[in-house]
Amino acid sequence: MATLSHVSRYLAGTPAPHLVRPRVVLQPIQARAGRPTLDVVRLAETVADIAEVLPVVAVRSPDHWTETVLGLPNSVDAILPVSIPAYPTEVWNSHPAALVDRALPVVFWCLIDHDEPDFWRWSARDMLRAVGVDVHLVADHAHGTALLRALGVKRMLRDASLVVFGKQNFPWNAHAVGPLLRQGLGLDVRVRDIEDFRARGASVPAEDLWRFWELRRGRYTVGAGLREEALLEALRTTTGIRRVLEEEGALGFGVNCFGDLIIRGGRDVPCLAQCLLREEGYIAACDGDFAAMASMVLASHVTDRPCMMSNLYPVSYVGALTDHFGDPLAPGPNVPDAWRPNLARLAHCGFVGVVSPEMTPSGVSTLRDWGGTYEIHRDGSGCGVDADLAPGEPVTVVEVGFDGQTLLLARAEVVETTRHQGMPHCESSTLLRFQDLPGFVEAISREHTVVLYGDWVRELEVVAGVLGLVSRVF
């Protein structure tokens, strides 16, 4: 039975304020004095954990309406129009210019008692959209909750940043396409040298690192063969990266391992740093892929669920997989042949990917020597993360495109995590069964996909709408 879809992100303490999705602020404005059709107090109690509903302002005149709307502070995220029992001849219909000028989202809430949309707002929604107002008609409580979370993410992304370490020599080139992410989502991608985190970690005494590890090691097993000096190096890397993130006030990080760190002989890979810093509220992805990091920002902060990133390999690509792994990674005999067109594997750096413990069936991730690749052989150095994903779990696969305007979403299911014998560069991979893998691959942005348990397509489509992204579902 699927269970991990309900597991929230694990946090070791209270994250820094900029790493927490803010509560959104709603300003109810009532069409005129009288008994409202929406119980605002009840609504405020229902959404108290994700939103603050300000006291209702009852409109006295068109001039009062205009003054109220134009005078709303920047702390307000959306306007909540409230009607009174009457035909829909409210002031926002007769005087919509104030909403156009103020340019705040307008939210018509659902009928709370029936958990249905207020269909009397169809025409107001279309009219206001026609004149340039961003209008949302809440279908039900679940939709409204997703909308409020999305508005919180929108506020969170204002002046937010991500840090990528290393040379920009992959398609996720911050110099070339980073500005598009800024334009589309508001995320600023900042490039730092790998030596920046090395220098900041080098000054930390070993005893401080071991004390930190004693506090946090409970969710990890140290596997046979992991050298103590490699674990210490991973803790030093964690501390160095954290210090850079604090300097930048950033939401998360990625390191260009294969395009910079590893090919220059470095083995201070940030796999454990990813897990440990996620526990502090940061977003972390492999290879400095800031588009994957943006996908993780949306996935984690809209759903409050953990996610992970890995390379996606359709098993139908027999020749390409054999060239890359020395083996086609074919599904076992227990997997029906009819599934093959929709099957793909997740694998990265010798293992499934950097899987946080709360995403594993056991709740524990194993630390191993870094797994290497078919081309870059494993040498016993470095600290990698080995963990399974849970079979039978539904998953949502997420990709923000490099254009900063596209969100790809796919529904899939975990079939199994496979242990590959005699393949030190690929000890484990997870087999996923997609609903429409060929369609997803036809539109794919890159091999890096973000995966989280559960079906979150509806919620992520909502955030796409709030952020102005075009979403495509497979």
How many nm is it between the label spots at residue 142 and residue 199, if each spot is 7 Å from the Cα in line with the beta carbon?
-> 5.2 nm
Can you bin region 315-366 into rounded, prolate or oblate? Criterion: square roots of the alpha carbon gyration tensor eigenvalues sorted a ≥ b ≥ c, rounded for a/c under 1.5, prolate for a/b above b/c, oblate for the rest.
-> oblate
Counting only protein heavy atoms with a 1.4 Å probe and every protein chain in place, the carbon and sulfur fraction of the accessible surface of region 27-86 in whole percent equals 52 percent
Extended-chain gain in nm, criterion 0.36 nm per residue less alpha-carbon gap, residue 130 and residue 455 = 113.8 nm
Rounded to the nearest 5, what % of the DSSP beta bridges within the chain are antiparallel ones?
-> 50 percent
On average, how much accessible surface per residue is there in the chain, in Å², for a 1.4 Å probe, leaving out ligands, DNA and RNA?
-> 40 Å²
Going from the alpha-carbon gyration tensor of region 289-338, what semi-axes, largest first and in whole Å, does one get by taking the root of 5 times each eigenvalue?
-> 30, 15, 8
Taking Cα pairs closer than 8 Å and at least 6 residues apart, the relative contact order of region 58-151 in percent is 26 percent
Mind listing the phi-derived Karplus ³J(HN,Hα) values for region 213-222, rounded to whole Hz, using 6.51, -1.76 and 1.60 with θ = phi - 60°, and x for any glycine or proline?
-> 5, 4, 6, 10, 6, x, 9, 10, 10, 8
Judged on accessible area alone, 1.4 Å probe, highest first, 282, 313, 374 line up as 374, 313, 282
Two-site label geometry, residue 246 and residue 330: point separation in nm, points 7 Å out along Cα→Cβ | 5.4 nm
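Using 0.36 nm times the number of residues separating residue 379 and residue 323, minus their current alpha carbon distance, what extension gain do you get?
18.0 nm
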Segment residue 16-residue 471, extension gain: residue separation times 0.36 nm, minus the distance between their alpha carbons = 160.8 nm
Residue by residue, what Karplus-based ³J(HN,Hα) values in Hz, rounded to whole numbers, does region 228-240 have, using 6.51, -1.76 and 1.60 with θ = phi - 60° and x for Gly and Pro?
-> 4, 5, 6, 5, 4, 4, 5, 5, 5, 4, 4, 5, x
Trypsin sites (Lys or Arg not before Pro) within region 190-266: which are DSSP loop residues with at most 10 other Cβ atoms inside 10 Å?
-> 264
Carbon and sulfur %, accessible surface of region 112-181 computed with the full protein complex present, 1.4 Å | 54 percent
Mind checking the angle between helix 290-303 and the chain's longest principal axis? C-alpha axes, 0 to 90 degrees, to the nearest 10.
-> 60 degrees
Given a Förster distance of 51 angstrom, what is the FRET efficiency for residue 224 paired with residue 67, based on the Cβ-Cβ distance and rounded to 0.05?
-> 0.10
Could you tell me how many degrees, from 0 to 90 and to the nearest 10, lie between the Cα long axis of helix 174-185 and the main elongation axis, the longest principal axis, of the Cα atoms of the chain?
-> 30 degrees
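The values are calculated or read from the model by the stated rules, or taken from the named source; none is laboratory data. Just so it is clear, the model here is predicted, and its values are computed rather than measured. Backbone-built Cβ (ideal geometry, glycine too); neighbour counts: all protein chains shown. All accessible areas refer to the heavy atoms of the entire protein, side chains included, with ligands and DNA or RNA removed. Shrake-Rupley method; radii C 1.70, N 1.55, O 1.52, S 1.80 Å.
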